[in-house]
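J.: Submitted below is the structure of interest, expressed as structure tokens.
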Amino acid sequence: MSNAIHAASTLKQEIPDPRRWRMLGLVCVAIVLALTVWFSATAVIPELTQVYRLSPAESAWLTNGVQIGFVIGAVAASFVNLPDLVPVGRLVGLSATIAAIANAVLLIAPDPSIVIAARIVTGIALASVYPPSMKFISTWFKAGRGLALGAVIGALTLGSAAPHLVRAVTAGFDWQAVIIASSLMTFTGGALFLLVAVEGPHPFSKAVFAPRQIGQVVRNRPLMLANLGYFGHMWELYAFWGWFLAYSAAALSSQGYESPSLVSFITFAVIGLGAIGCVGGGYMADRVGRSTTTIWMLAVSGACAALIGFTFDGPFVLFLLIAITWGVAVVGDSAQFSACVTEVADPRYVGTALTLQMGVGFALTVAAIWVTPLVAEWLGSWRWTFLILLPGPIIGIAAMAMLKRHPAARRIASGLG
């Protein structure tokens, strides 16, 4: 009898819950809405630069404030194990509300210091929206988890791109329209998550950040190879997202197009179409392996970083083709690096490993976002500026190729590597 009960229980655990796709769809909609405040200020950098008379280095902090806040929030939340202390629906709902309010502060901020402080608070709040959402949706999927995580990253990508679409369709209005719309969308996304979030049938054990375990993480060679791949990916990703608006404005001006709304729409399309890459990357990883998927994505994005300068003066169609290809590839592998960590790390310190990966990765984005406009200023043009991002994909490819050949690769993606 006990064997029969055990067999029935095992069979029940192996049968996918039919509600998982509905939950994935609802969570993705909530994330698209909730993440719109991440790049809300970036979408109106030209206007905010004029209002506050910001230098190129100072304007970088409109994006970097969120990045720094995200690192602070992610490490703090992991340190106190916040996702296990507060139900995920309440945590994401409250955090999204805080992010929406902090974003709205930009409407009344009297000086740049308040703007940057508000961006930091926005980042801190978003650290309790995005990572818990990734962990939450994983409780609904065992088979097909790569695809599910890719869909969530795709939702993040669309949410990050959304302010540029809002700016494109509100070109006749003041910049405040983007801030108001993004705050309302983020609040709505948090409310939706609060209403629908129910943990799935595959819960995780507690994964906490313990600084004393960092040494064990660093000494784990396959784990650090996965981290190095992620660091190369992050060096490229957020600087590309953060500065493509400025790059495309300069390129289109050089080609004779003087339309801010066109620039905003192209930026939305280039970033937003990355959602296709995320879903495609998740599908690919479940079939050919995570290492192979990340290598191909990094190779394509690196090639685009090297080539886009040749199309700066046109032809427009070729410029747009390379930009869209870059947008699809640059984020398509994002979810796979974290998945690699969960598969090659010792289960006892997977929480520390994930926090270290995310903390260092987002810290690198701060440096990349800060240095990119300085390079453009030094060169006197945006044309070849994105070459500064090329080392990221090169290092990432080398790391993931070594991981693919490591014996530990057998533990990745059900043996696919």
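J.: Given (1) surrounded by 24 or more Cβ atoms within 10 Å (Cβ to Cβ); (2) closer than 30 Å to ALA168 by Cβ; (3) not small (Gly, Ala, Ser), identify the lone condition not met by ILE276.
T.: Answer for ILE276: the failing condition is (1).
J.: Run THR311 past the list (1) closer than 26 Å to PHE39 by Cβ; (2) under 24 Å from the mean Cα position of the chain (by Cα) and report the number of the one that doesn't hold.
T.: (2)
J.: So, one more: Among the residues of the range 131-140, is there at least one that is free of Cβ contacts under 8 Å to residues at least 40 places away in the same chain, among the aliphatic types (A, V, I, L, M) and out of contact with any Gly (no Cβ under 8 Å at 6 or more places or on another chain)?
T.: no
J.: A follow-up question, please. Given the options ILE394, ILE412, ILE388, name the one that is at pLDDT 90 or above and over 15 Å from ALA299 (Cα atoms).
T.: ILE388
J.: Go through ALA239, ALA181 for me and flag whichever is within 18 Å of PRO260 (Cβ to Cβ), aliphatic (A, V, I, L, M) and part of a helix (DSSP H, G or I).
T.: ALA181
J.: Consider ARG219 carefully, then state whether it is buried (at least 23 other Cβ atoms within 10 Å of the Cβ) and of a type in the set (Lys, Arg).
T.: Spelling it out, it is not the case that ARG219 is buried (at least 23 other Cβ atoms within 10 Å of the Cβ) and of a type in the set (Lys, Arg).
J.: If you go through the range 74-92 one residue at a time, how many are of a type in the set (Val, Ile, Thr) and either in contact with a Leu (Cβ under 7 Å, 6 or more places away or on another chain) or within 21 Å of ALA191 (Cα to Cα) (or both)?
T.: Selection size over the range 74-92: 3.
J.: Checking the condition modelled with pLDDT of 90 or more and either farther than 25 Å from THR157 by Cα or touching a Lys or Arg at 6+ places or on another chain (Cβ under 9 Å) (or both), which residue from ALA96, ALA109 passes?
T.: It is ALA109.
J.: Among the residues that make up the range 296-316, is at least one of them surrounded by 21 or more Cβ atoms within 10 Å (Cβ to Cβ), not assigned by TED's automatic domain parsing to the domain that holds PRO46 and not hydrophobic (A, V, I, L, M, F, W, C)?
T.: yes
J.: Just checking, does the range 130-142 include any residue being in the same structural domain as ALA74 (by TED's automatic domain parsing), buried (at least 23 other Cβ atoms within 10 Å of the Cβ), over 16 Å from the mean Cα position of the chain (by Cα) and among the basic types (Lys, Arg)?
T.: no
J.: Which ones in the range 73-93 are small (Gly, Ala, Ser) and at pLDDT below 80?
T.: Matches in the range 73-93: SER78 only.
J.: Specify the residue that is surrounded by the most Cβ atoms within 10 Å (Cβ to Cβ); the eligible residues are those in the range 159-190 that are over 19 Å from SER248 (Cα atoms) and of a type in the set (A, V, I, L, M).
T.: So, considering only residues that are over 19 Å from SER248 (Cα atoms) and of a type in the set (A, V, I, L, M), the one surrounded by the most Cβ atoms within 10 Å (Cβ to Cβ) is VAL178.
J.: Part of a helix (DSSP H, G or I), of a type outside the set (D, E, K, R), without any contact (Cβ under 8 Å) to a residue 12 or more places away in the chain and surrounded by fewer than 24 Cβ atoms within 10 Å (Cβ to Cβ) - does that describe any residue in the range 318-336?
T.: Scanning the range 318-336, I find at least one residue that is part of a helix (DSSP H, G or I), of a type outside the set (D, E, K, R), without any contact (Cβ under 8 Å) to a residue 12 or more places away in the chain and surrounded by fewer than 24 Cβ atoms within 10 Å (Cβ to Cβ), so the answer is yes.
J.: Taking the condition under 16 Å from the mean Cα position of the chain (by Cα), under 22 Å from ALA239 (Cα atoms) and not charged (D, E, K, R), does GLY302 pass?
T.: Considered against the rule, which asks whether it is under 16 Å from the mean Cα position of the chain (by Cα), under 22 Å from ALA239 (Cα atoms) and not charged (D, E, K, R), GLY302 comes out as no.
J.: For the condition touching a helix residue (DSSP H, G or I) at 6+ places or on another chain (Cβ under 8 Å), within 21 Å of TRP140 (Cα to Cα) and surrounded by 19 or more Cβ atoms within 10 Å (Cβ to Cβ), what is the one hit in PHE268, PHE244, PHE193, PHE240?
T.: Among PHE268, PHE244, PHE193, PHE240, only PHE193 is touching a helix residue (DSSP H, G or I) at 6+ places or on another chain (Cβ under 8 Å), within 21 Å of TRP140 (Cα to Cα) and surrounded by 19 or more Cβ atoms within 10 Å (Cβ to Cβ).
J.: For residues that are modelled with pLDDT under 80, within 29 Å of the chain's Cα centre (by Cα) and in a helix (DSSP H, G or I), scanning just the range 1-58, find the one that is surrounded by the fewest Cβ atoms within 10 Å (Cβ to Cβ).
T.: For the range 1-58, the residue satisfying everything is ALA57.
The values are calculated or read from the model by the stated rules, or taken from the named source; none is laboratory data. Just so you know, these numbers come straight off a predicted model, no measurement behind them. Quick reminder, even Gly has a Cβ in these numbers, built from the backbone with ideal geometry, and neighbours come from all protein chains shown.
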